[in-house]
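**Q** Dumping the structure here so I can ask a few things about it.
The values are calculated or read from the model by the stated rules, or taken from the named source; none is laboratory data. Only a predicted model underlies this, so the values are computations on that prediction, with no experimental measurement involved. So basically every Cβ, Gly included, is an ideal-geometry build from the backbone, and we count neighbours across all protein chains shown.
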């Protein structure tokens, strides 16, 4: 018989079978703990998304906001001007102060799609106001 340690056979390698199985059980327990923690984190993320989706909406309106005046600004400032036009429009129509207006990422991407020089001439948005008085601008459903 070969005197080298045979790692496939635990008794020949110098370890008993019970030591090998104990280590394997410990590893399995650790992986189970890690997977349970990951599940908990994912559940918390899902709950957070549900809360954001289920905000208590007090008021919801759909508007088409004209952005043609942004073309009067210098060439490299037209899209930032369009963002300011949207904010001022929302302030005027929803009767809130300046700090409580939030523009969603989807609307921002729609504005910046063609770059800084060529924003869209008009944009259709859905504006929601929650219980806390925070107004959020979302893209309209059809766009």
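**Q** Got at least one residue in the stretch 89-102 being out of contact with any strand residue (DSSP E or B) (no Cβ under 8 Å at 6 or more places or on another chain), in contact (Cβ under 8 Å) with a residue 12 or more places away in the chain, farther than 19 Å from residue 57 by Cα and in the same structural domain as residue 78 (by TED's automatic domain parsing)?
**A** So far as the stretch 89-102 goes, no, none of its residues is out of contact with any strand residue (DSSP E or B) (no Cβ under 8 Å at 6 or more places or on another chain), in contact (Cβ under 8 Å) with a residue 12 or more places away in the chain, farther than 19 Å from residue 57 by Cα and in the same structural domain as residue 78 (by TED's automatic domain parsing).
**Q** When you look at residue 31, is it more than 19 Å from the chain's Cα centre (by Cα), surrounded by 11 or more Cβ atoms within 10 Å (Cβ to Cβ) and either over 30 Å from residue 124 (Cα atoms) or modelled with pLDDT of 80 or more (or both), yes or no?
**A** It is false that residue 31 is more than 19 Å from the chain's Cα centre (by Cα), surrounded by 11 or more Cβ atoms within 10 Å (Cβ to Cβ) and either over 30 Å from residue 124 (Cα atoms) or modelled with pLDDT of 80 or more (or both).
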